[in-house]
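All of the numbers you see were taken from the coordinates with simple rules; none came from a lab. In this text, all values refer to a predicted model and were calculated from it rather than measured experimentally. Here the Cβ positions follow ideal geometry from the backbone for every residue, glycine too, while neighbour counts run over all protein chains shown.
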Number of protein chains: 4
Amino acid sequence: MKFTVNSSLSYVVNAPTTFIFNIHALKTVNQTVWEEQLTLDPSMKIEEYTAHDGSSRFVRLKVMGAMNFTIDYSAIVEVTPTIIDENNSGQSVPVVELNSYIASFLYPSRYCQSDKLMTFAYKQFGHHTSVYDKVLAITDWVHSNIDYISGTTNSQTSAMETITERVGVCRDFAHLTIAFCRALSIPARYFTGYAFQLNPPDFHACVEAYIDGNWIIFDPTHLAPLNGLVKIATGRDAADAAVSSIFGNASGTSMKVDCQVLDSSFVPFEFGENQKGICYQ
Amino acid sequence: MKFTVNSSLSYVVNAPTTFIFNIHALKTVNQTVWEEQLTLDPSMKIEEYTAHDGSSRFVRLKVMGAMNFTIDYSAIVEVTPTIIDENNSGQSVPVVELNSYIASFLYPSRYCQSDKLMTFAYKQFGHHTSVYDKVLAITDWVHSNIDYISGTTNSQTSAMETITERVGVCRDFAHLTIAFCRALSIPARYFTGYAFQLNPPDFHACVEAYIDGNWIIFDPTHLAPLNGLVKIATGRDAADAAVSSIFGNASGTSMKVDCQVLDSSFVPFEFGENQKGICYQ
Amino acid sequence: MKFTVNSSLSYVVNAPTTFIFNIHALKTVNQTVWEEQLTLDPSMKIEEYTAHDGSSRFVRLKVMGAMNFTIDYSAIVEVTPTIIDENNSGQSVPVVELNSYIASFLYPSRYCQSDKLMTFAYKQFGHHTSVYDKVLAITDWVHSNIDYISGTTNSQTSAMETITERVGVCRDFAHLTIAFCRALSIPARYFTGYAFQLNPPDFHACVEAYIDGNWIIFDPTHLAPLNGLVKIATGRDAADAAVSSIFGNASGTSMKVDCQVLDSSFVPFEFGENQKGICYQ
Amino acid sequence: MKFTVNSSLSYVVNAPTTFIFNIHALKTVNQTVWEEQLTLDPSMKIEEYTAHDGSSRFVRLKVMGAMNFTIDYSAIVEVTPTIIDENNSGQSVPVVELNSYIASFLYPSRYCQSDKLMTFAYKQFGHHTSVYDKVLAITDWVHSNIDYISGTTNSQTSAMETITERVGVCRDFAHLTIAFCRALSIPARYFTGYAFQLNPPDFHACVEAYIDGNWIIFDPTHLAPLNGLVKIATGRDAADAAVSSIFGNASGTSMKVDCQVLDSSFVPFEFGENQKGICYQ
């Protein structure tokens, strides 16, 4: 499936500031970037580089003084995610067999305090026999028990607050889902990307859980089709995979995001007997 | 029903310290203290007084220097709680009709952050039509969802932590129950007392909710019969009604608590069609 | 000194809602209300009453359905606060001699977690010999170390967050100051009132600390003269003394507050050898 | 300098449990392991592996059922840390020039909520002109303002709590120091190791800050000489670099740690004009 994606971010800079942007479509075995264009207005020197673990493509620039600027990214991306079928057992990979990179997604992180949620997670989800069923149950629970309300949370909100206050946005839904997975010793990571049919349009946040050797994607918000995503980055949580990190004195003034399917035959993914999920790699 | 109650608390004092103890059986229209004795070893000057709102009987003393001491209290108390029957409608008293003393139990307090639990409380308990049913549902929920494990929490643990971590002791069960009630605009207060058949013996903490003009007692721990309690104090939460408050440099070394029924005919209270609860006043 | 005070609050109500307002000038031995007027637009039935401990004058009303309304209060108030001079020793009243009402202001409350600040308070302020010097040092510290920035905090922000994040508004400055006082066994309470020369005009929050038998007022924001205040209420913290408490589904749409001195001879209070502070009673 | 290091950890296992241990001396360009021995009693199959980024050497084992066991590690390790002298400018590497691995240590993590400490960090430490001076000032501040008291904190304690409660152990001192560094855009990571002259003997936690191209070590506890350390691991915080991670149902029963210098000429490192610090790589 081919997508066109666009994002346009504007900033007012008050003093010398370094920006790290995380808005490029990632290049993976399942995701090919056919065309892409990055423009800055006014034009400035930038540096593009890929994270040491391949999980993001960054753009970095330093603005030397007070000014306004806009960064625009657009791309045509072909995404061919793997359908997870009956060949995936739905079972966990035992911790004792995980490689150290994947095992790093078992640990608590800034916004996913899984160490505080172990009793809750075992009591609420522990009875499901397969890891796959556990993650589905977690996703359903988060969907049913957290209210999606824009503007209720901010960039410091974490899973501990969401489990108490029961409101949030896609970022908060993802953090809580990840925290529950890790509390049950299931590796889970934060996924950020462009999303077709997300309304209102915005960057989206989902969750990838590691089940029988695949990173399977889950979206506790149910706001976009699971096969309508273009991956930007993965990380432990939003601290690793923020759309923009600002070191200095600047603030955002506007943001526009768009994601369209180029193919009229798009059929939204639905869970079924032999459609257990989707893997973006 | 007559009870004998005893408590014995020992301290090591390192520097001049003021103690406020809250271990006397309260005197109310439903509770008569037939005999009581307070002894300090070594003997010291103490002051006994009653809280300005009648909610506690305090003992205050100042220890002038380093020493060890023990305070012993024993009493014979007759308790005649009111059975709440069909005459109680189970409905709330509208906030607009509450007097200002009772209304003060609508507000969040140190360990009962009801302002953070409103979304959860409405979603989980809001569908019950009567206030009585809401409080029963809250009590059941806390009983089923929080694990009672000694030593998991401390004197700084609050409802926000309990809703996340899902473990605690009677104090934590009471704080969370109170916070949920207040989140639904139900006045609720902390009850501390002696409890028959509590095992292991200790001071106990319960909850009183204000329903159709009565303070009805609830015990989310289910650890003692509701008619086996001797009231010591009520307050907004454990900050008001602590067994001991220590201003200085001292620490407890041992505590013994006992509560026995003097009457062989004791029948534990059970909820029934015309036994909606118990009111200690 | 005579003041005219005015406040005007507008709300949109979405469903039946009870409001408790706390906007009347309090009547005390130091504060006489010469004239006052309360109007609702549209006109509705209200109830005025005084808190059981005399600390607030409330207005309560129930709005039966969806509507907009405005509540206006205006008054002429004469305030004759006591100047605290050398007759106040600056020493604490020992805990062992406090009455139980005043002792209740030693305990932690929802927004003033003094039990978490004891080590910090002793280390930072413990070396001052008099209680008066301790409270002055606390006030100075809060003024110097917390940035006053509108919009950085909300109605759930507490002293624990302010000590970490170091930003807030008058409410947060007051909560942190109170928490430090209580951590040092100094009774302290939340004061809310009208304030002359406060810019931008708003309700103001200050702190009263109990020193040698007087409740002395302190303002860690330094935003208004200490003798330019008209007391509305005191309480343990903003949970007790909120300008408005809303039980239902409604939200504020606008607020105007004004406070003017009627006497041209107003001289702002300054600390001096024989001007240790001001007591509003 | 050569060291002998030993650790012995005993556990009671109640149900099948996977352990990941992090007790081996790391092998780096500055640290050579001459001899080492790992024994389990009773003997069990284990797996040794190195983290994907080279930051730890792990031992992993799965215990199949209820039992007690002990793991012993001993080694002779030669450590030749680099002395940081005047060739290190003490200046930061601009964010715009950091590689993505080092940049990952700019972000907040589970126990180091740097995003909540920015105002405080700028106000308290921002005036120092070099990054080196900032980190020294942070270390001094943490040493002076946090009380080292065993048993006051647990494995869930984070920098936010330490800045409020002002007590902790080496882990907490390190987390707060790291959080302050990151709040000032200085990459900082958690160091765990064996420490000579640490009293009582235990695993130690320190901080590495990235300054002019070197990871320089700092110890806000001042409890061991900076050149008396044997590195076990580095990570974002204790979530990455825990001595043991337990997935299952087991608990520790005893721990013994020892670290001795084999060379009688050991001279503790002292900061001096041309001894700005130590780098373990």
**Message:** Quick query: amide H of D:A233 versus all other amide H atoms, modeled in the peptide plane; which residues come in under 5 Å with a sequence gap of 5 or more or a different chain?
**Reply:** D:T192
**Complete:** Charge dipole of the stretch A:9-117 built from unit charges on the beta carbon (Lys, Arg +1; Asp, Glu -1), centred at mean Cα; most positive-end Cα among A:L9, A:N87, A:V77 is A:L9
**Asked** With a ≥ b ≥ c the root eigenvalues of the C-alpha gyration tensor of the stretch A:216-260, is it rounded (a/c under 1.5), prolate (a/b larger than b/c) or oblate?
**Response** oblate
**Prompt:** Counting Lys and Arg as +1 and Asp and Glu as -1, each charge on the Cβ, what is the dipole of chain B about the Cα centre in debye, to the nearest 20?
**Reply:** 700 debye
**Complete:** CD proxy, 222 nm, the protein assembly as shown: helix-only mean residue ellipticity via -39,500 (n - 2.57) per DSSP H run with n ≥ 4, per residue, nearest 500, stands at -5000 deg cm²/dmol
**Message:** Cut-off 10 angstrom, C-alpha nodes, Gaussian network model of chain D. Which of D:G228, D:G213, D:G193 fluctuates the most?
**Reply:** D:G213
**Prompt:** Mind checking Rg over Rh on chain A, alpha carbons, Kirkwood formula for Rh?
**Reply:** 0.97
**Asked** Computed FRET efficiency, Cβ-Cβ of C:S265 and C:E97, R0 56 Å: what is it to the nearest 0.05?
**Response** 0.90
**Item:** Distance between modelled label sites at A:S89 and B:N68, nm, 7 Å Cα→Cβ extension
**Value:** 6.0 nm
**Inter-copy label distances at C:Q281 (7 Å, Cα→Cβ; nm, one decimal)** = 3.6, 7.8, 8.1
**For C:N99, inter-copy label distances in nm, listed shortest first [label point 7 Å out on the Cα-Cβ vector]** = 1.9, 7.3, 7.5
**Request:** Label the stretch D:161-281 by shape, choosing from rounded, prolate and oblate, from the square roots a ≥ b ≥ c of the eigenvalues of the Cα gyration tensor; if a/c is under 1.5 it is rounded, and otherwise prolate applies when a/b is larger than b/c, oblate when it is not.
**Result:** oblate
**Prompt:** When DSSP assigns beta bridges and you keep just the ones with both residues in the protein assembly as shown, what percent turn out antiparallel, to the nearest 5?
**Reply:** 95 percent
**Message:** When the expected Rg is taken as 2.2 N^0.38 Å, what fraction or multiple of it is the alpha-carbon Rg of the stretch A:71-177?
**Reply:** 1.27
**Message:** Can you tell me how the stretch C:102-231 classifies by the Cα gyration tensor, rounded, prolate or oblate, using a/c under 1.5 as the rounded cut?
**Reply:** oblate
**Fill in**
Mean separation of Cα contacts under 8 Å (at least 6 apart) over the residue count of chain A, i.e. the relative contact order in percent, is 30 percent
**Message:** Give me a comma-separated list of calculated 3J(HN,Hα) values for the stretch D:242-257, in order, Karplus coefficients 6.51, -1.76, 1.60 applied at θ = phi - 60°, integers in Hz, x for any Gly or Pro.
**Reply:** 5, 4, 9, 10, 10, 10, x, 10, 7, 8, x, 10, 7, 8, 10, 9
**Message:** Within a 10 angstrom radius of the beta carbon, how do A:M44, B:M64 rank from fewest other beta carbons to most?
**Reply:** B:M64, A:M44
**Dipole magnitude of the stretch A:1-76 about its Cα centre (Cβ charges: Lys, Arg +1; Asp, Glu -1), debye to nearest 20** = 100 debye
**Fluctuation leader among D:L229, D:L40, D:L198 - chain D, Gaussian network, Cα springs under 10 angstrom** = D:L40
**Prompt:** Given +1 on the Cβ of Lys and Arg, -1 on the Cβ of Asp and Glu, and no further charges, what dipole in debye does the protein assembly as shown carry about its Cα centre, rounded to the nearest 20?
**Reply:** 0 debye
**Request:** Putting +1 on Lys and Arg Cβ atoms and -1 on Asp and Glu Cβ atoms, find which of C:S244, C:L262, C:Y190 reaches farthest to the positive end of the dipole of the stretch C:166-281.
**Result:** C:S244
**Asked** Fewest to most neighbouring Cβ within 10 Å: what's the order for A:S55, C:S10?
**Response** C:S10, A:S55
**Prompt:** Inter-copy label distances at A:D41, 7 Å along the Cα→beta-carbon direction, one decimal in nm, shortest first?
**Reply:** 4.6, 7.4, 8.7
**Asked** Counting other C-beta atoms within 10 Å, which of D:T164, D:T50 has the fewest, and how do the rest follow?
**Response** D:T50, D:T164
**Item:** Cβ neighbours within 10 Å from other chains - mean over A:38-50
**Value:** 1
**Chain A, closest residue to the rotation axis toward C, by beta-carbon, whole angstrom** = A:N154, 5
**Prompt:** So which lysines pass the test for D:K276, namely a Cα distance under 29 Å, with those fewer than 8 places away in the same chain ruled out?
**Reply:** D:K2, D:K27, D:K123, D:K134, D:K231
**Request:** Please name which of B:W215, B:T157, B:L136 has its Cα lying farthest along the dipole of chain B towards the positive end, using unit charges on Cβ (Lys, Arg +1; Asp, Glu -1) and the Cα centre as origin.
**Result:** B:T157
**Asked** Expressed in nm to one decimal, what extension gain is obtained for the pair A:N249 and A:S150 from 0.36 nm per residue of sequence separation less their Cα-Cα distance?
**Response** 33.1 nm
**Message:** Would you calculate the convex hull of the Cα atoms in the protein assembly as shown and tell me its volume per residue in Å³?
**Reply:** 204 Å³
**Message:** Looking at chain C as a GNM with Cα springs under 10 Å, which of C:T152, C:T221, C:T234 has the largest mean-square fluctuation?
**Reply:** C:T152
**Message:** Taking R0 as 56 Å, what FRET efficiency do you get between D:N14 and A:N30 from their Cβ-Cβ distance, rounded to the nearest 0.05?
**Reply:** 0.85
**Asked** How many partner chain Cβ atoms sit within 10 Å of a residue's Cβ in peptide C:93-105, on average, as a whole number?
**Response** 5
